[in-house]
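Take this structure, written in structure tokens, and hold onto it; I'll ask about it next.
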Amino acid sequence: GENVEQHPSTLSVQEGDSAVIKCTYSDSASNYFPWYKQELGKRPQLIIDIRSNVGEKKDQRIAVTLNKTAKHFSLHITETHPEDSAVYFCAASSRGSTLGRLYFGRGTQLTVWP
Amino acid sequence: NAGVTQTPKFQVLKTGQSMTLQCAQDMNHEYMSWYRQDPGMGLRLIHYSVGAGITDQGEVPNGYNVSRSTTEDFPLRLLSAAPSQTSVYFCASSYEGGGANVLTFGAGSRLTVL
């Protein structure tokens, strides 16, 4: 099955700096790559996603890039705020025999210091 | 729409007891899944379903049972609780739109097994 690895496990940045979280995946059939944000005590929520036919997607201060050849994708957060502090999860899924499942990375605890 | 509703929010069990975590969604989503979240381990898939009457195992299915008799409901049963099942459990529902498996999570159920 798919194996998603996520780095780093913890990340601390100063307010206003950028943060980058990287993920790799193993299954070349994977074609959908979402990112979820989980605030303390809350449920994970989708913040951005990318499909395999696109190399980059941006939504205000967050962007995701995908390199299908190298099988890795990254989340970029610019001009960070303390409210961006949370755990971020990357995930991957594919059609076919694993229809309906998402494979998650282990998460990155992002702390933004004021 | 209520989205994904999980009950109970908190539960304490003794080793060997059985219980059912309830999950219901009102979005007419095809797919439903159960994840457990443990510190440093991310979200691990327990069981999932791609439609009424169809279920399959995820990464960590042992000790859990599921059924999907309706599109709306996907209960998770702990047959004989063990301390290793102490965790936060998330139910999620999803649809596949254009190759994107977009998950909506419930609020979570925190289970402690003594």
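The values are calculated or read from the model by the stated rules, or taken from the named source; none is laboratory data. For clarity, every value in this text was computed on a predicted model and none was experimentally measured. Note that we place each Cβ from the backbone using ideal geometry, even for glycine, and neighbour counts take in every protein chain shown. For the accessible areas, the whole protein counts, side chains as well, though only heavy atoms, and no ligand, DNA or RNA atoms are used. Shrake-Rupley method; radii C 1.70, N 1.55, O 1.52, S 1.80 Å.
Counting protein heavy atoms only and a 1.4 angstrom probe, how many square angstrom of accessible surface do chains B and A bury in total, to the nearest 100?
Approximately 2000 Å² gets buried when B meets A.
If you look for lysine pairs in the protein assembly as shown that are eight or more places apart or on different chains, how many of them have Cα atoms under 22 Å apart?
Count of close lysine pairs: 14.
Looking at the protein assembly as shown from every direction and averaging, what is the projected area of its Cα convex hull in nm²?
Over every viewing direction, the Cα hull of the protein assembly as shown projects on average to 12.3 nm².
Can you pull the mean other chain C-beta count within 10 Å for peptide B:18-24?
Averaged over the peptide's residues, the number is 0.
For the residue pair B:Asn62 and B:Lys9, what label-to-label distance in nm results when each label sits 7 Å from Cα along the Cα-to-beta-carbon direction?
3.4
Averaged over peptide B:52-65, how many Cβ atoms belonging to another chain are found within 10 Å of each residue's Cβ?
Per-residue shielding by partner chains comes out at 1.
Next question, about the same structure. Put +1 on the Cβ of each Lys and Arg and -1 on the Cβ of each Asp and Glu in chain B; which of B:Leu78, B:Leu13, B:Tyr89 then has its Cα farthest toward the positive end of the dipole?
It is B:Leu13.
Could you state the orientation-averaged shadow area of the convex hull built on the Cα atoms of chain B, in nm² to one decimal?
6.8
Moving on. Per residue, how much accessible area does chain B show when a 1.4 Å probe rolls over the protein heavy atoms, in square angstrom?
44
Can you send over the carbon and sulfur percentage of the accessible area for the protein assembly as shown, probe radius 1.4 Å, protein chains only?
48
Could you calculate the FRET efficiency of A:Glu39 with A:Ala70 from 1/(1 + (r/R0)^6), where r is the beta carbon distance between them and R0 is 30 Å, rounded to 0.05?
Given R0 = 30 Å and the Cβ-Cβ separation, E is 0.45.
Sticking with this one: Express the relative contact order of the range A:46-114 as a whole percentage, based on alpha carbon pairs under 8 Å and six or more residues apart in sequence.
Relative contact order comes out at 23 percent.
Using a 10 Å cut-off around each Cβ of peptide B:39-45, what is the average number of partner chain Cβ atoms that fall inside?
Across B:39-45, the average partner-chain Cβ count within 10 Å equals 6.
Sorted by average packing, counted as other Cβ atoms within 10 angstrom per residue and highest first, what order do A:16-29, B:4-17 take?
Going from most to least packed, we get A:16-29, B:4-17.
Oh, and also: In 5 Å bins starting at 0, how do the alpha-carbon pair distances of chain A split up by percent?
Binned Cα distances yield the sequence 2, 13, 24, 24, 19, 10, 5, 2, 0, 0.
How would B:Tyr95, A:Tyr88 line up by accessible area, probe 1.4 Å, largest first?
The ordering from most to least exposed comes out as B:Tyr95, A:Tyr88.
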